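Readers should treat all values here as calculations from the given coordinates under stated rules, not as data from a laboratory. Remember, predicted model here, so these are calculated numbers, not experimental data. Cβ atoms come from the backbone with ideal geometry, glycine included; neighbour counts cover every protein chain shown.
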Amino acid sequence: MEVSYTKMQTFMRCPLKYMFTYMPAKIPEKYRDVRETSPSFAMLEGTFFHECYVLAHKFYTLQEILDYIPEFLAKKSIEDDTYYFVHESKLVKLAKTIYPVCQQQVDLDRWKLLHVEKLFSKPISDRHSIMGFFDMVVRDEHGNNWIVENKFYNTNVDIIHHLLQVSVYMYARDTVDAEGVIVNRITKTNGAWSRYRTTEINENLFLKEVQQICDRMEELENGLSFPYRNSNPNCRWDCRKYDLCVIYEVDPWSY
């Protein structure tokens, strides 16, 4: 079974969302035509900031990033969405706000960019393989390679919340001959984006916990556990399976 951190994150967030996303054959036929919920701007904001940061490291100009916005929206499958023009205008405003911050960070990093969205895959047990994409792989001024993970928040979140993801990357660091993981964090306070804070991590951390989550995901896919609904107040704005979830009648005897 091949597992990515995105799949793990979805499973930990809500097993029913995991089923909707990765086990479509389990969805009764009467629900299969329900469209995904239109993404809120909050769902797009962090991803767009993430991509702007990478594009800035590839020396894109502000105008080139603005020209990229329609392609970005198309990738999110909302080119025909009712809110397309609202999202587009907000992204234009966001790009003009964050581009100077990204550009300043590029000047501070002084890294040589080796890879963007670098695919990796590595066995974690006799039954599971971990795969995914590193945001960036860079080389510092001393000739050492590092995996870079970029995180953007509207509040100040400690790195402890992402140690499972960092653990996956640390386990796979030898696929790109990296020393460890650099986590770039930027937060939004009172409408303004703060400066980046960088954390370097070169420990293996929670690999055992990663393996345990893989085992639980396998149990769900093999019908040995139930995909319960783990709802919370954020579901409406941060889950594209929301419209399906609110009408879905869970039948525990079908699993």
Only helices at least 15 Å long along their own axis, judged from Cα atoms, and with Kyte-Doolittle mean hydropathy of 0.5 or greater: name those in the chain from DSSP H.
41-57
Simple SL model, points at 7 angstrom along Cα→Cβ for Glu219 and Lys26; separation in nm is 1.3
Please give the calculated 222 nm ellipticity per residue for the chain, where each DSSP H segment of at least 4 residues contributes -39500 (n - 2.57) and the sum is spread over every residue; nearest 500 deg cm²/dmol?
-13000 deg cm²/dmol
Which one of Thr61, Ala42, Pro24 has its Cα pushed farthest toward the positive end of the charge dipole of the chain, where Lys and Arg give +1 and Asp and Glu give -1 at the Cβ?
Ala42
Amide H within-cut-off set for Lys241, under 5 Å, with H built and near neighbours excluded:
Thr37
The range 83-123-the range 40-66 distance, computed between alpha-carbon centres (Å):
4
Contour minus end-to-end for Leu62 and Arg229, with contour as 0.36 nm per residue of separation and end-to-end as the Cα-Cα distance?
55.9 nm
If the chain between Glu117 and Ser4 were fully extended at 0.36 nm per residue, the gain over the current Cα-Cα distance would be 39.3 nm
Non-local residues with an amide H under 5 Å from the amide H of Gly180, with H modelled 1.01 Å from N and Pro and chain starts lacking one, are Ile147
Could you list His115, His57, His142, His87 in order of exposure, starting from the residue whose Cβ has the fewest other Cβ atoms within 10 Å?
His142, His115, His57, His87
Taking 0.36 nm per intervening residue step and subtracting the Cα-Cα distance, what contour gain separates Val92 from Val34 on full extension?
17.8 nm
Using the Cα centre as the reference, give the magnitude of the dipole from point charges on the C-beta atoms of the chain (Lys, Arg: +1; Asp, Glu: -1; all else neutral), rounded to the nearest 20 debye.
500
